[in-house]
Amino acid sequence: MQSADETDKGVGVGIVFGLLTAAAAAYAFVSSGQFQTAIGFGAAMVLAALSVGAIQLWG
């Protein structure tokens, strides 16, 4: 039975981190230098982990 205080906060936060992950991956794809690509890839990896963690924590 669902209670009145349940929210979809985890799903919303997970979607936001997912969108940021996609943006970071796109940045890694279009960036010109190797260092910028590494920054984009690293950001995508961290944001993907945060997305999964948010869904697991609040979902």
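Modelled with pLDDT under 95 and not basic (Lys, Arg): does that describe Gly14?
Values: modelled with pLDDT under 95: yes; not basic (Lys, Arg): yes.
Criteria met by Gly14.
Conditions (1) surrounded by 12 or more Cβ atoms within 10 Å (Cβ to Cβ); (2) of a type in the set (A, V, I, L, M); (3) modelled with pLDDT of 95 or more, marked per residue:
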site	(1), (2), (3)
Asp5	no, no, no
Ser32	no, no, no
Val46	yes, yes, yes
Val52	yes, yes, no
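Pairs, please: C-beta under 7 Å, at least 6 apart or cross-chain, first residue within 24 Å of Ala54 (Cβ to Cβ) and in segment 14-42, second of a type in the set (Val, Ile, Thr)?
Cβ pairs passing all conditions: Gly14/Ile55; Ala28/Thr37.
The values are calculated or read from the model by the stated rules, or taken from the named source; none is laboratory data. No experiment lies behind these values; they were computed from the predicted model shown. Positions of Cβ are backbone-derived with ideal geometry, glycine not excepted, and every protein chain shown enters the neighbour counts.
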